Amino acid sequence: MSGNEQQVLKVAMPKGRIYKQASDLFRKAGLPIPTEYDDTRKLIIELPDAKMEFIMAKPVDVPTYVEYGVTDIGIVGKDVLMEENKDVYELLDLGIAKCRMSVIALPDWKPTIHPRVATKYPNVASAYFRELGQQVEVIKLNGSIELAPMIGLADRIVDMVETGQTLRENGLVEQTEIFGITSRLIANRVSYRMKNERIQSLCDLLQQTLASRG
């Protein structure tokens, strides 16, 4: 084994459901990731057997950690990647945490003179409506986006949809799917050069595992 392969990989891992799916994928690829960390509150997890160190992060912060090189690689949803637009390499579609970005409204929605759209993803929403040639006021919210059309703050929202259950429970409907979302493996540009063997080896393992799963 070369010295390059001996290097510890620092990985920005999103907390929550993506972590559980990602760690399960890593295990299926033959990496020794103990299940004891699936519900941990630890922020830094050292994994000497896998020659890795996980930095547990809020999903929205993962690309920042990778861009600034405090981690070599990270796992992040395509939604965050498009919204944050960080200077990182996108290496692999992991096919996990599947959902979609959609335009959502009340069932009786009608176009208005001064349309307002609420979202956690102002860059994504602005770009989408700009491409359609529509002028909208985009309002950034950080939580309970579904409230916006219900209380008259905005006439539509742009948000992630997984099962659609929350929308149905609040009387909202999907108007248009903007794009599908899965989690991606990303890399810091310098790390990709300096630790290329390690990172490429991990990519190959994950690709083989994904191919075997169909």
- What angle, in degrees between 0 and 90 and rounded to the nearest 10, separates the Cα long axis of helix 17-28 from the longest principal axis of the Cα atoms of the chain? 30
- Amide N of the stretch 181-214 lying under 17 Å from the label point, which is placed 7 angstrom from the Cα of LYS51 along Cα→Cβ: 191-206
- Query: Efficiency by 1/(1 + (r/R0)^6): what FRET value for GLU169 and GLN207, r their Cβ-Cβ distance, R0 = 45 Å, to the nearest 0.05?
  - Reply: 0.70
- Message: Helix-only estimate, please: 222 nm mean residue ellipticity of the chain, summing -39500 (n - 2.57) across DSSP H runs of length 4 or more and dividing by its residues, to the nearest 500.
- Response: -9000 deg cm²/dmol
- Which label in (i) 65, 33, 31; (ii) 42, 36, 33; (iii) 69, 39, 27 gives the computed Cα extents along the principal axes in Å: (i)
- Pairwise label distance in nanometres, VAL60 with GLU131, each label 7 Å out on the Cα-Cβ vector: 2.2
- Message: On C-alpha positions alone, give me the angle between the axis of helix 122-131 and the longest principal axis of the chain, in degrees, nearest 10.
- Response: 60
- Task: Pairs of Cα atoms under 8 Å, at least six residues apart: use those to get the relative contact order of the chain, whole percent.
- Result: 29
- Could you pull out every residue, at least 5 positions away or on a different chain, whose amide H is within less than 5 Å of the one on ARG184? Hs are placed 1.01 Å off N in the peptide plane, and Pro or chain starts have none. VAL76, GLY77, LYS78, LEU94
- With the convex hull built on the Cα atoms of the stretch 96-155, state its orientation-averaged projected area in nm². 4.8
- Give the calculated FRET efficiency between MET160 and VAL8 to the nearest 0.05, with a Förster radius of 30 Å applied to their Cβ-Cβ distance. 0.35
- Measuring from label point to label point, each 7 Å out along Cα→Cβ, what is the TYR37 to ASN85 span in nm? 3.4
- Working out 0.36 nm times the residue gap between ASN142 and ARG27, then minus their Cα-Cα distance, what length gain in nm do you get to one decimal? 38.1 nm
- All Cα pairs of the stretch 1-84, percent lying beyond 17 Å: 45
- Message: Taking every DSSP beta bridge with both residues inside the stretch 1-68, roughly what % is antiparallel (nearest 5)?
- Response: 40
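Every number here is computed from the coordinates shown, using simple stated rules; none is lab data. Everything numeric here is computed off the predicted structure, so don't read it as measured data. Cβ atoms come from the backbone with ideal geometry, glycine included; neighbour counts cover every protein chain shown.
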